[in-house]
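To keep things clear, I will list the structure first and then write my remarks on it.
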Amino acid sequence: MTRTFAPEPVTEWDDIQALAASGLGALAASAFLLLDVTDVAAARAWLAATRPTSVADINAARADGRIVSTALQLALSAPGLAALGLAPAVIDQFGPEFRQGLASDDSRSRRLGDIGTNDPANWDWGCGADVPHLLVMLYATPDALDAHVDKVLATLSPGFILRKREACAVQNGHEPFGFLDGISQPVVDWAGVREPGHDALYTHLLAAGEVLLGYPNEYRCLTDRPLLDPVQAPQLPRALDDASRADLGRNGSYLVYRRLAQDVPLFWQTLSARAGGMTAAIELAEAMVGRGIDGQPIPALGTRAIPGAEPYDLNSFSFTGDMGGNICPVGAHIRRANPRNADLPSVPDGLLDKLLVTLGLTGNARDDAISSTRFHRILRRGRRFGDMLSPVEAARPGAADPQAGLHFIALQASISRQFEFIQGAWVASAKFAGLSGESDPLLGNRCPFPGTMPTDGFTRPGPDGSIEKHALPQFVTVTAGGYFFLPGLRALAFIAALPAGGS
Amino acid sequence: MFAPVRDGQIEALRAFLAGCCAPGAPGHADLANPDINFAALPMLHNIRAFIGEDPSLGDRAFHPRSLNTLFGHGAWPVERVSLGLLGCCDGSVDAFLVALAAQCDGWLAALFMHCEGFGAGDDVLAFMRGHVVKSLASYVNGPGRTVVAVHENAALLTALRAARGATVGYDPAATARQLAAVVDVPLTPPAPTTAGYAFASLLHLLSVPAAVLALVSLLVWLALRYPWLFVLVLVAATVKLWWLRHIESTDPLVVVPPDPADIAARSAFEDHDSANPFTAIGTIKPGLFRMGLVRVIHYVIDWGARHLFRSGRLGRVGTIHFARWVLIDGGRRVIFTSEYDGSAEAYMDDFINKVGFGLNVSFTNGIGYPRTRWLILDGASDEQRFKYFMRHHQIVTQFWWRAYPGQTTFDLARAARVRAGYVKLCAGEDLDELAAARWLAEIAA
């Protein structure tokens with residue numbers, strides 16, 4: 001019998017980096033440092049002396065009625081782990097996608113839509129083996145950021161060399177095109193109260209094991225991760241699924257970073273020319289996104305109680321009453337990024353119906369094209385960069401490009417089943433949910449696929465069944481990226497304390 | 001068809017197949033190569049060639065032939081590596097082979113030169129006929145949707161789209177009528193079903209219910225006439241079920257996490273089209289029990305695929321164009337092939353989440369499969385082990401061609417619906433307002 005595990009409450013908050021539990025929204029300013037190891041011993045000493053902010057730190061401050069004014073989060077790439085001396089046999093137990101990296105392989109790039117102008121060969125960093133060893137994310141209140149960054153920078157030598165400093169804008173909740181961002185997030189079941197798999201309806205609740213390694217996931221299984229001989233790693237917790245092994249992954253997460261450059265003037269100028277005026281341009285943009293610019297769901301979708309979105313918020317809706325996309329286009333960004341489907345296409349009415357639905361003998365292919373979104377959720381922790389330009393300003397001919405965009409950051413336990421699936425099978429796919437010739441209206445690369453078939457379409461059905469079809473230019477370009485491991489604090493201490501000459 | 005590869009010819013065969021592929025798209029037929037003009041075969045949906053090198057053959061060491069069986073003692077035989085050539089066609093297999101031999105004689109001869117028993121000047125048709133293997137089970141997404149119809153539907157859709165702009169009007173029914181009137185695309189009427197085929201199909205449909213009925217009747221008769229024998233049968237059945245649960249929970253598991261380099265090598269062949277071919281090979285667990293089980297289970301799968309799942313979905317999975325199970329090596333190994341839309345990871349996820357029970361009942365008979373309960377439970381829901389299993393057994397499809405690149409099952413079904421509306425309108429029938437609006441929307445989409 002398959003070994004399955006009951007949900008496990010997460011309690012080791014002092015071992016979990018703060019980003020897993022929150023986007024650190026109270027610290028609106030941030031900067032990301034990309035580092036390479038230059039001196040292994042010094043780098044390890046630096047790691048040993050650097051303690052990332054944990055969830056417990058944030059919670060303790062909150063309990064005292066204050067907030068922490070600065071935070072540091074730390075993630076390592078596979079080349080980074082190797083540079084720090086983690087044995088190949090240990091690294092080999094990480095997920096294959098993490099070991100391969102985001103941009104080491106043409107096939108992966110093809111699948112993720114990183115072709116054309118998105119081609120990693122054009123990236124600022126992250127192409128092929130050119131993956132920085134460390135990603136240090138620094139957060140602070142706006143007045144405290146510079147001092148925080150300077151303080152960290154002063155300690156890097158001789159262990160590290162600063163490869164790149166990524167600046168972030170002071171966050172205001174909106175992404176550069178102007179839309180309220182970061183609304184739809186899974187609600188992690190930290191308390192371990194939900195039995196995955198028993199939801200007849202779409203839920204925002206997500207097993208902790210979909211975000212953190214070492215906990216049961218939505219399949220009630222544990223995602224593979226490095227398990228070590230406890231004699232060599234006495235400080236690490238034991239694995240939940242194998243008490244004889246020390247768990248290097250426990251309380252850690254995979255972090256996907258992609259820098260997305262957004263052409264704000266092109267976006268609003270194109271839409272305003274297409275739609276004939278700003279009001280209609282905003283309407284078209286809202287249809288492309290699938291929400292109001294203020295984040296409001298399309299009212300005609302109605303509201304429904306969704307576990308995790310309580311009592312009623314911007315996520316209290318689903319698409320079950322709109323499978324044809326007459327209210328919210330099927331190809332809209334929020335439908336591609338999160339189709340909000342349960343495991344079955346309809347709520348079974350009794351046992352016989354459940355059997356028929358399960359066997360696929362009722363319903364139709366279109367309404368069941370996408371299913372079980374619970375296996376494909378990510379925690380988004382992105383940050384905006386560049387200046388904001390209002391839609392009206394951006395739509396003016398000759399508007400200066402503010403060079404804005406998004407540091408897309410996602411946390412998950414399986415890069416292939418979560419980020420890569422969402423990006424490849426949903427966002428970038430020209431054939432998402434039975435559509436044809438379209439990719440994500442915001443993120444699509446518009447490269448023909450396959451052969452010469454266009455992918456730049458966007459169909460916007462009207463409520464009367466009529467169809468409006470648009471051809472869109474590329475608005476967003478990927479300019480850097482990488483796969484990282486956001487370790488638990490004990491795992492980080494273990495890496496920092498590796499014996500010289502290997503683990 | 002399967003034909004053993006000559007000793008020492010595997011690398012040459014691999015190079016030959018690679019040479020037939022398009023630059024930049026490994027595994028995908030080079031359309032510029034005049035020797036492989038499959039487009040001239042109007043009945044051919046797709047064709048693949050692969051070298052049946054079994055990466056999982058070593059797993060047999062975990063499963064000696066004496067295990068779990070009273071019969072079949074002895075060492076596993078050494079298996080030959082075969083060339084697999086597999087096409088999905090309309091009409092009869094032999095008519096296809098004749099057309100294929102006529103069209104691609106030179107290419108086939110060059111291909112078969114790598115196989116045992118084929119020499120210069122030999123007849124390719126006779127060689128193919130001599131190596132044809134029957135399927136254990138198969139599934140077709142659009143039964144009756146011929147290649148000719150697919151091409152006609154696509155041409156019709158293009159013509160309707162082009163003409164759509166010229167029609168005006170807010171009344172969908174009138175617009176639809178007007179549109180159908182200005183577009184004239186010749187359509188081949190579907191071939192009538194022959195009485196013989198219809199009769200055979202009916203017999204096939206009745207076979208499973210008849211077998212169930214016969215079994216139940218036999219049991220009832222036994223219970224009434226010879227109660228002691230009935231009890232004996234019940235006891236035997238209980239023992240057999242206990243035995244099944246016993247082997248299910250003790251059969252060796254084979255867990256081989258994939259090597260990133262290996263995944264990368266395989267991925268190079270994938271995602272160049274909206275659909276991908278999947279080819280996998282594996283050894284069936286030894287013993288008479290599994291041997292019988294495999295045949296019964298796949299008969300039922302074949303029966304369900306033919307009679308129950310006729311509306312474009314196998315179970316709940318709508319992205320499979322074709323699927324096929326074939327026994328080779330006298331039933332020791334099975335080859336599974338399919339053609340599916342999307343990437344391998346999405347395909348496996350769809351499998352696990354929608355038809356895990358179906359996979360379990362089929363693949364649980366394969367060495368190393370994640371543990372099942374009662375043949376249908378668990379198994380694939382051990383997501384990572386299942387994906388490892390699939391990747392472990394997958395073999396590269398070295399050569400693949402399909403008649404309609406870029407078309408998903410959804411595209412094909414949409415075009416077929418548009419055609420059905422067009423045929424109705426041309427016959428002078430009217431579509432009601434809703435149907436007309438839907439028809440127009442599908443043309444615009």
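The values are calculated or read from the model by the stated rules, or taken from the named source; none is laboratory data. Everything numeric here is computed off the predicted structure, so don't read it as measured data. Here the Cβ positions follow ideal geometry from the backbone for every residue, glycine too, while neighbour counts run over all protein chains shown.
With respect to (1) in contact with a Pro (Cβ under 6 Å, 6 or more places away or on another chain); (2) buried (at least 19 other Cβ atoms within 10 Å of the Cβ), the lone exception for residue A:432 is condition (1).
Out of the residues in the range B:244-298 that are polar (S, T, N, Q) and within 12 Å of another protein chain (Cβ to nearest Cβ), state the one that is nearest to residue A:113 (Cα to Cα). So that I can check it myself, show each step before the final result.
At the first step, the residues of the range B:244-298 found to be polar (S, T, N, Q) are B:249-250, B:267, B:274, B:276, B:279, B:283.
Those left that are additionally within 12 Å of another protein chain (Cβ to nearest Cβ): B:249-250, B:267, B:274, B:276.
Values: B:249: 43, B:250: 44, B:267: 15, B:274: 13, B:276: 17 Å.
Here the residue is B:274.
Consider the range A:105-117 and keep the residues that are surrounded by fewer than 24 Cβ atoms within 10 Å (Cβ to Cβ) and not aliphatic (A, V, I, L, M). The one that is farthest from the other protein chains (Cβ to nearest Cβ) is A:117. Taking the numbered list (1) more than 14 Å from chain A (Cβ to nearest Cβ); (2) surrounded by 11 or more Cβ atoms within 10 Å (Cβ to Cβ); (3) at pLDDT 95 or above in turn, residue B:235 passes all entries but (2). In the range A:303-313, the condition of being within 14 Å of chain B (Cβ to nearest Cβ) and either touching a strand residue (DSSP E or B) at 6+ places or on another chain (Cβ under 9 Å) or charged (D, E, K, R) (or both) is met by no residue.
Checking the conditions here, which among A:293, A:306, A:334, A:298 is closer than 23 Å to residue A:442 by Cβ and either out of contact with any helix residue (DSSP H, G or I) (no Cβ under 8 Å at 6 or more places or on another chain) or free of Cβ contacts under 8 Å to residues at least 60 places away in the same chain (or both)? That would be A:298, the only listed residue that is closer than 23 Å to residue A:442 by Cβ and either out of contact with any helix residue (DSSP H, G or I) (no Cβ under 8 Å at 6 or more places or on another chain) or free of Cβ contacts under 8 Å to residues at least 60 places away in the same chain (or both). Among the residues of the range B:325-339, at least one is touching a Cys at 6+ places or on another chain (Cβ under 8 Å), among the charged types (D, E, K, R) and part of a strand (DSSP E or B). Of all the criteria given as (1) buried (at least 18 other Cβ atoms within 10 Å of the Cβ); (2) among the aliphatic types (A, V, I, L, M); (3) within 28 Å of residue A:263 (Cβ to Cβ), the one not satisfied by residue A:134 is (3). For the range A:350-387, enumerate the residues that are basic (Lys, Arg), within 14 Å of chain B (Cβ to nearest Cβ) and either surrounded by 21 or more Cβ atoms within 10 Å (Cβ to Cβ) or in contact with a Pro (Cβ under 6 Å, 6 or more places away or on another chain) (or both). Residues satisfying the conditions are A:354, A:374, A:377.
Taking the range B:362-383 as the range and being without any contact (Cβ under 8 Å) to a residue 24 or more places away in the chain and farther than 26 Å from residue B:238 by Cβ as the test, only B:382 passes. Considering each residue of the range A:404-422 in turn, at least one proves to be over 30 Å from residue A:83 (Cα atoms), within 12 Å of chain B (Cβ to nearest Cβ) and in contact (Cβ under 8 Å) with a residue 60 or more places away in the chain. Within the range A:254-280, the residues that satisfy the criterion of being buried (at least 23 other Cβ atoms within 10 Å of the Cβ) and more than 23 Å from residue A:377 (Cα to Cα) are A:262, A:264, A:267, A:268, A:271, A:272. Among A:246, A:147, A:261, A:200, which is small (Gly, Ala, Ser) and part of a helix (DSSP H, G or I)? After ruling out the rest, the residue left standing is A:147.
Residue A:128 fulfils the conditions (1) closer than 30 Å to residue A:473 by Cα; (2) out of contact with any Asp or Glu (no Cβ under 6 Å at 6 or more places or on another chain); (3) surrounded by 15 or more Cβ atoms within 10 Å (Cβ to Cβ) except for a single criterion, (3).
Just so you know, in the range A:458-480 the residues that are in a strand (DSSP E or B) and within 9 Å of chain B (Cβ to nearest Cβ) include one that is modelled with the highest pLDDT, and it is A:459. The condition of being in a loop (DSSP other than H, G, I, E, B) and touching a residue at least 60 places away in the same chain (Cβ under 8 Å) holds for only one of B:255, B:300, that being B:255.
Quick grid of which residues meet (1) touching a Phe, Trp or Tyr at 6+ places or on another chain (Cβ under 6 Å); (2) basic (Lys, Arg); (3) within 14 Å of another protein chain (Cβ to nearest Cβ):
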| residue | (1), (2), (3) |
| --- | --- |
| A:444 | no, no, no |
| A:447 | no, no, yes |
| A:455 | yes, no, yes |
| A:482 | yes, no, no |
| A:491 | no, no, no |
| A:494 | no, no, no |
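Scanning the range A:15-37 for any residue that is assigned to a loop (DSSP other than H, G, I, E, B) and more than 20 Å from the chain's Cα centre (by Cα) turns up nothing. Pick from A:266, A:351, A:356, A:361: which is over 25 Å from residue A:433 (Cα atoms), in the same structural domain as residue A:410 (by the TED database) and free of Cβ contacts under 8 Å to residues at least 12 places away in the same chain? The conditions single out A:351.
Here residue B:380 passes the criteria (1) crowded, with 24+ Cβ neighbours inside 10 Å; (2) in contact with a helix residue (DSSP H, G or I) (Cβ under 9 Å, 6 or more places away or on another chain); (3) more than 13 Å from every other protein chain (Cβ to nearest Cβ) except the one numbered (3). Which number in (1) under 17 Å from the mean Cα position of the chain (by Cα); (2) in a helix (DSSP H, G or I); (3) within 21 Å of residue B:326 (Cβ to Cβ) marks the one condition that residue B:397 misses? For residue B:397, the exception is condition (2). Right, residue A:390: surrounded by fewer than 22 Cβ atoms within 10 Å (Cβ to Cβ), within 14 Å of chain B (Cβ to nearest Cβ) and hydroxyl-bearing (Ser, Thr, Tyr) or not? For residue A:390, the condition - surrounded by fewer than 22 Cβ atoms within 10 Å (Cβ to Cβ), within 14 Å of chain B (Cβ to nearest Cβ) and hydroxyl-bearing (Ser, Thr, Tyr) - is not met.
Entry remark, the range B:238-294: residues being β-branched (Val, Ile, Thr) and surrounded by fewer than 13 Cβ atoms within 10 Å (Cβ to Cβ) number 3 in total.
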